[in-house]
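Take a look at the structure below.
The values are calculated or read from the model by the stated rules, or taken from the named source; none is laboratory data. Everything numeric in this text was worked out from a predicted model, so none of it was measured. All Cβ positions, even for glycine, are placed from backbone atoms using ideal geometry, and neighbour counts span all protein chains on display.
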Amino acid sequence: MATTPVDPRVVSAMQASLSNTFGNPASVTHGFGTDAREQVELARAQVAELINAEPKEIIWTSGATEADNLAIKGVAHFYQHKGKHIITSQTEHKAVLDTCAQLAKQGFEITYLTPNADGLIAIEAIAAAIRDDTLLISLMHVNNEIGVIQDIAAVGKLAREKNILFHVDAAQSAGKVPLNVEAMNIDLLSLASHKVYGPKGIGALYVRRRPRVRLEAMIHGGGHEQGFRSGTLPTHQIVGMGQAFAIARDEMVQDQGHAQQLREHFMTRIQDLPKVTMNGSAQHRVLNNLNLCFHCVDGEALIMALPNLAVSTGSACNSATMDVSYVLRGIGLSTAEANSSLRISFGRFTTLDEIEQAASDIIDAVTRLRAMSPLWEDN
């Protein structure tokens, strides 16, 4: 799903921290540093509370991309004496896929599972891929393009039974669906602030302490964050992420209800538009995402016809390349179908009036573009 605007309550907390706190949280010999450290630890507890973790299990990073890198590379390098096989899927975020590709160059073997047509990985496929030397399973909780929800608890149960470490990219699910690292048997969990109405440039990695998970650090220089990630902490950004996660915990049910209302209204408005299909499971998906194929319409042309809407044909990480979505191709869509698809997200601050306008704009644009398309004339 798309990035989110920063919640005004998060902005206020960050402004207060930035204006009144200049100490280094690693400096405990004076009050300025102690004040900063207290703010950092409060935020760590706020993030931990959302996922049912201990505060000491939260490691600050620059975002979910770094968290994914630290989790996967950290486990691979620390435990490579036990095995060099990693299981993931073809439709993971590039932060996972590119990290695995880099490890493959270093002699690790990667199994890329193929999702079903609904975008989900069958638990039977995961079980069949496990080998004696399997070190890690890495799967996202919610897909960033099509919004489908993987049964992480079932995968976690399997991984724990097989004594395999389990990493989850939860950048898209935190604050949108319940997360419980204990109940789901998750060993490592990547989190992003800017998907939860917090600031960009800050994220976190959950690292289980019981049973203890070890990682080889990627950034050295001072031993900060329990030696996992050195560097002076950005106090105001951390405060922002903590506040965002606290709000998400308190208002998740409210946000879910709002997103469901918006999505239902949008789908009702476009129901008379012919040849529109949903990509990915209609049942197992987050409420704030739609990925729709408007058949016989070029997606890029449709986006150009919608200058007032922030929609996309795929992930922001791939938007500069204009390549067809590998996620949509991975679930079996043709190139034409993938190129005719749009990712549409709803958020905490989206209004019904905005949804009404968006639906009208899309209906008008699709109708106009189809009228000019020779492909539509054949239907």
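Among residues that are surrounded by fewer than 22 Cβ atoms within 10 Å (Cβ to Cβ) and closer than 21 Å to Leu50 by Cβ, Gln243 is not included.
May I ask you to list the residues in segment 1-36 that are in a helix (DSSP H, G or I) and charged (D, E, K, R)?
Of the residues in segment 1-36, the ones in a helix (DSSP H, G or I) are 8-20, 31-36.
Result: Arg9, Asp35.
Scan segment 249-306 for residues that are of a type in the set (D, E, K, R) and not in a helix (DSSP H, G or I) and the total you get is 4.
Can Lys82 be described as touching a helix residue (DSSP H, G or I) at 6+ places or on another chain (Cβ under 7 Å), over 19 Å from Ala246 (Cβ atoms) and charged (D, E, K, R)? Give the derivation first.
Details: touching a helix residue (DSSP H, G or I) at 6+ places or on another chain (Cβ under 7 Å): no; over 19 Å from Ala246 (Cβ atoms): yes; charged (D, E, K, R): yes.
Considered against the rule, which asks whether it is touching a helix residue (DSSP H, G or I) at 6+ places or on another chain (Cβ under 7 Å), over 19 Å from Ala246 (Cβ atoms) and charged (D, E, K, R), Lys82 comes out as no.
For Glu41, the test of being farther than 21 Å from Gly156 by Cα and either without any contact (Cβ under 8 Å) to a residue 12 or more places away in the chain or in the same structural domain as Glu145 (by TED's automatic domain parsing) (or both) is passed. Out of all the residues in segment 348-360, which are farther than 27 Å from His194 by Cα and either in contact with an Asp or Glu (Cβ under 8 Å, 6 or more places away or on another chain) or of a type in the set (D, E, K, R) (or both)? None - no residue of segment 348-360 is farther than 27 Å from His194 by Cα and either in contact with an Asp or Glu (Cβ under 8 Å, 6 or more places away or on another chain) or of a type in the set (D, E, K, R) (or both), so the list stays empty.
Just one residue in the set Ser173, Ser190 is under 30 Å from Ile238 (Cα atoms) and assigned to a strand (DSSP E or B); that residue is Ser190. Among all residues of segment 202-224, there is none that is of a type in the set (Gly, Ala, Ser), closer than 30 Å to Ser373 by Cβ and within 17 Å of the chain's Cα centre (by Cα). Being in contact (Cβ under 8 Å) with a residue 12 or more places away in the chain, in contact with a helix residue (DSSP H, G or I) (Cβ under 7 Å, 6 or more places away or on another chain) and crowded, with 16+ Cβ neighbours inside 10 Å holds for only one residue in Val142, Val148, Val155, and it is Val155.
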